[in-house]
1. Is it the case that the range 147-165 has a residue that's over 16 Å from the mean Cα position of the chain (by Cα), on the phi < 0 side of the Ramachandran plot and β-branched (Val, Ile, Thr)?
2. Would you point out the residue of the range 216-245, among those that are within 11 Å of the ligand (Cβ to nearest atom) and of a type in the set (Val, Ile, Thr), that is farthest from residue 196 (Cα to Cα)?
3. Could you give every pair whose Cβ atoms fall below 9 Å, whose first residue belongs to the range 88-115 and is at positive phi, and whose second residue is part of a strand (DSSP E or B) and surrounded by fewer than 18 Cβ atoms within 10 Å (Cβ to Cβ), counting only separations of at least 6 or pairs across chains?
4. Regarding residue 203, is this residue farther than 15 Å from residue 164 by Cα, in contact with a helix residue (DSSP H, G or I) (Cβ under 9 Å, 6 or more places away or on another chain) and surrounded by 22 or more Cβ atoms within 10 Å (Cβ to Cβ)?
5. From the residues in the range 1-47 that are touching a residue at least 60 places away in the same chain (Cβ under 8 Å), surrounded by 13 or more Cβ atoms within 10 Å (Cβ to Cβ) and of a type in the set (D, E, K, R), which one is farthest from residue 85 (Cα to Cα)?
6. Would you confirm whether any residue within the range 191-198 is surrounded by fewer than 22 Cβ atoms within 10 Å (Cβ to Cβ), more than 10 Å from the ligand (Cβ to nearest atom) and either more than 25 Å from residue 265 (Cα to Cα) or under 15 Å from the mean Cα position of the chain (by Cα) (or both)?
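The values are calculated or read from the model by the stated rules, or taken from the named source; none is laboratory data. What you are looking at is a predicted structure, and each value in this text was computed from that prediction instead of being measured. Cβ: placed from backbone, ideal geometry, glycine included. Neighbour counts: every protein chain shown.
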Amino acid sequence: MARPYIEFVQCQNIDWEELDDGTQVKRLNVDPVDGEETLLLRYPAGFERVGGGKEPQADEFFVLDGEVRIGARSCGYHAYGFVPRGAAREARSSEGGATLLVFRHGRTDPNSVEGVAESIALDAPAMPWDVSTYDPKLTHLRLARKILRLGPNDSCRTFLLAGMPHGVPPVDRLPAETHDHCEEMFMLAGEMWAPEGRMRQGAYFFRPPGIVHGPHVSESGFFQIMRSPGVNAIKTNWSDTPSPLPIGAPYAPVMPEGTPESWRREWTGEAPY
Ligand SMILES: [Fe+2]
């Protein structure tokens, strides 16, 4: 079974689920068969877990706030890591608490097992931005990237993507896009207009292959973490017929059957002034 299409949920609308080890999770998207999933994971202040044994599934993680110690490494704001399936399970602790975004790979995924996939530990804020890879059809977004991981066997790229404010072109219409691979996104900061509404901080989507999406524009800029499960280099098919810019589009999410109704609430955030 593949992962379901969701575009998009604001994670503020999802309730925390308490786990036996004292952590809390928000499961954003799950393949119930192989256990591939994306979740928010919160370590409470004073959390401690001893190490030992092997990791049953590979995890990519990105620290959203707080600090967590994994083995000898202290992971703070926007630290990124990849831990392969089968790697030695290290002790974890958090003195003041931490919130992580976790991309968990499937239990049988051949591309995330130790020996095929290497451990990664990055301090993302210290990495330089790459502004050299503009798609000519996306120049209005003024994009910059940081590549966090390229999976073995062309299996998935994980990267940060930022776009400058005033990312709106002087035209009424833009082409939509499709890919032959999956696409996944969590909004770290800022906003982006889509035909499904305005994605704000905490927005999340998972798109299976072949989903028509966009166009996208951003009035005040955006900062996302993205993945392309299935490939390391995104390949875009652009529509021949352009669509109207989505500025002002009402929130109209696509969600899997059985999604709690509360996930469909519009989230407009706190008043900034
Ligand atoms: Fe796309």
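1. Checked against the condition, which is being over 16 Å from the mean Cα position of the chain (by Cα), on the phi < 0 side of the Ramachandran plot and β-branched (Val, Ile, Thr), the range 147-165 yields no hits at all.
2. To start, the set of residues in the range 216-245 that are within 11 Å of the ligand (Cβ to nearest atom) comprises 216, 226, 228, 234-238.
This time we only want the ones that are of a type in the set (Val, Ile, Thr), so: 234, 236.
Working: 234: 22, 236: 19 Å.
Among those that are within 11 Å of the ligand (Cβ to nearest atom) and of a type in the set (Val, Ile, Thr), it is 234.
3. Listed pairs, sorted by first residue: 97/65.
4. Values: farther than 15 Å from residue 164 by Cα: yes; in contact with a helix residue (DSSP H, G or I) (Cβ under 9 Å, 6 or more places away or on another chain): yes; surrounded by 22 or more Cβ atoms within 10 Å (Cβ to Cβ): yes.
Taking the combined requirement at face value, the residue satisfies it.
5. 7
6. Yes, the range 191-198 has at least one match.
Every residue, every condition in (1) out of contact with any Leu (no Cβ under 9 Å at 6 or more places or on another chain); (2) of a type in the set (S, T, N, Q); (3) surrounded by 14 or more Cβ atoms within 10 Å (Cβ to Cβ); (4) not assigned by TED's automatic domain parsing to the domain that holds residue 247, yes or no:
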residue	(1), (2), (3), (4)
68	no, no, yes, yes
87	yes, no, yes, yes
118	yes, no, no, yes
144	no, no, yes, no
157	no, no, yes, no
167	no, no, yes, no
